[in-house]
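Peer 1: For reference, the structure I am asking about is given below.
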Amino acid sequence: MGKILWIDTETTGVDPKVNSMVQLAALVEIDGRIKEKINLLFQPLPGRQIHPKAIEVNGRDEKELVGFPPARISILALKARLKKYINPYDKTDKFVAAGYNVDFDTGFLRETWFASGGRFGPGSWIFNVSIDVRTRVAERVAKECLRLPNYKLTTVCENFGVDLACAHDAMSDIEATRELYYKL
């Protein structure tokens, strides 16, 4: 099965060039087994906008965000953890990123990585192909002619009988996403 890095982020808005990632949760999966759970917090990048509705959705407030570690520190912690499983100098030894609307998450990861002075970007650790569980859901819904009111993770998990313990907490979301993927 190979190496999969399940990722989910919580952010201060929807544009990685304007807003910031404030939480990254990841599950390191190798050959179908979870090897490690990673849950990192990020202080918003300097000069980035914080939309009150966005942080309200993930249960944060601006005062709390200021106390999070600077992005540079959290990115260094992420690289140290990933290095246990990946040789960043080997072009064939990388993770496949996976998640629910995973391009959103990888976009914020990439922006945060480079904005915090990372010399070698996430491409040293993650292939530029991904597994998007939202696409798998759409295929299943179309195949079975299901009707869903929306494609939010909470709605989809409820429909397919997957427990989502705490929506909009990155770790809870990614654990449910992985379970949903295997259930589909």
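The values are calculated or read from the model by the stated rules, or taken from the named source; none is laboratory data. Bear in mind that the values here come from a model prediction, so they are computed numbers and not experimental data. Methodologically, a virtual Cβ is constructed for each residue, glycine included, from the backbone with ideal geometry; neighbour enumeration extends over all protein chains shown. Just so you know, the surface numbers come from the protein's heavy atoms only, side chains and all, with ligands and any DNA or RNA stripped out. Shrake-Rupley method; radii C 1.70, N 1.55, O 1.52, S 1.80 Å.
Peer 1: Residue check: is Trp113 of a type in the set (Phe, Trp, Tyr), crowded, with 22+ Cβ neighbours inside 10 Å, under 25 Å from Leu164 (Cβ atoms) and touching a helix residue (DSSP H, G or I) at 6+ places or on another chain (Cβ under 9 Å)?
Peer 2: Numbers: of a type in the set (Phe, Trp, Tyr): yes; crowded, with 22+ Cβ neighbours inside 10 Å: yes; under 25 Å from Leu164 (Cβ atoms): no; touching a helix residue (DSSP H, G or I) at 6+ places or on another chain (Cβ under 9 Å): yes.
So Trp113 fails the test.
Peer 1: Return the residues of segment 25-59 that are more than 15 Å from the chain's Cα centre (by Cα), more than 30 Å from Gly2 (Cβ to Cβ), open to solvent by less than 50 Å² (accessible area, probe 1.4 Å) and in contact (Cβ under 8 Å) with a residue 40 or more places away in the chain; say none if nothing qualifies.
Peer 2: Within segment 25-59, Leu45, Ala54, Ile55 qualify.
Peer 1: Is segment 100-122 home to any residue that is within 18 Å of Ile38 (Cβ to Cβ), within 18 Å of the chain's Cα centre (by Cα) and among the acidic types (Asp, Glu)?
Peer 2: Scanning segment 100-122 turns up at least one residue that is within 18 Å of Ile38 (Cβ to Cβ), within 18 Å of the chain's Cα centre (by Cα) and among the acidic types (Asp, Glu).
Peer 1: Here's a follow-up. Do you know which of the residues in segment 116-158 that are among the basic types (Lys, Arg) and under 30 Å from Gly47 (Cα atoms) is least open to solvent (accessible area, probe 1.4 Å)? It would help to see each step written out before you state the result.
Peer 2: We begin by selecting, within segment 116-158, every residue among the basic types (Lys, Arg); these are 119, 134, 136, 140, 143, 147, 152.
Narrowing further to those that are under 30 Å from Gly47 (Cα atoms): 119, 152.
Values: Arg119: 187, Lys152: 129 Å².
For segment 116-158, the residue satisfying everything is Lys152.
Peer 1: Still on this structure, please answer the following. In segment 95-107, which residue that is in contact (Cβ under 8 Å) with a residue 40 or more places away in the chain and under 16 Å from Asp173 (Cα atoms) is surrounded by the fewest Cβ atoms within 10 Å (Cβ to Cβ)? Break it down into steps so the answer makes sense when it comes.
Peer 2: Our first condition is that a residue be in contact (Cβ under 8 Å) with a residue 40 or more places away in the chain; within segment 95-107, this holds for 95-100, 102, 104-107.
When the remaining residues are screened for being under 16 Å from Asp173 (Cα atoms), the result is 97-100, 102, 104-106.
Values: Ala97: 24, Ala98: 23, Gly99: 30, Tyr100: 27, Val102: 24, Phe104: 17, Asp105: 28, Thr106: 19.
Of everything passing the filter in segment 95-107, Phe104 is surrounded by the fewest Cβ atoms within 10 Å (Cβ to Cβ).
Peer 1: Okay, moving on. Report yes if Ala142 is small (Gly, Ala, Ser), within 19 Å of Lys3 (Cβ to Cβ), in a helix (DSSP H, G or I) and out of contact with any Gly (no Cβ under 8 Å at 6 or more places or on another chain), otherwise no. Step through it out loud before you land on a result.
Peer 2: Values: small (Gly, Ala, Ser): yes; within 19 Å of Lys3 (Cβ to Cβ): no; in a helix (DSSP H, G or I): yes; out of contact with any Gly (no Cβ under 8 Å at 6 or more places or on another chain): yes.
In short, no.
Peer 1: Since Met171 meets every condition but one in (1) touching a Gly at 6+ places or on another chain (Cβ under 8 Å); (2) touching a residue at least 40 places away in the same chain (Cβ under 8 Å); (3) under 22 Å from Gly32 (Cα atoms), which condition does it not meet?
Peer 2: If we test Met171 against (1) touching a Gly at 6+ places or on another chain (Cβ under 8 Å); (2) touching a residue at least 40 places away in the same chain (Cβ under 8 Å); (3) under 22 Å from Gly32 (Cα atoms), just (1) comes out false.
Peer 1: Does Leu184 satisfy the criteria of being farther than 16 Å from Ala25 by Cβ, of a type outside the set (D, E, K, R) and either open to solvent by 60 Å² or more (accessible area, probe 1.4 Å) or at pLDDT 90 or above (or both)?
Peer 2: On the way: farther than 16 Å from Ala25 by Cβ: yes; of a type outside the set (D, E, K, R): yes; either open to solvent by 60 Å² or more (accessible area, probe 1.4 Å) or at pLDDT 90 or above (or both): yes.
It is true that Leu184 is farther than 16 Å from Ala25 by Cβ, of a type outside the set (D, E, K, R) and either open to solvent by 60 Å² or more (accessible area, probe 1.4 Å) or at pLDDT 90 or above (or both).
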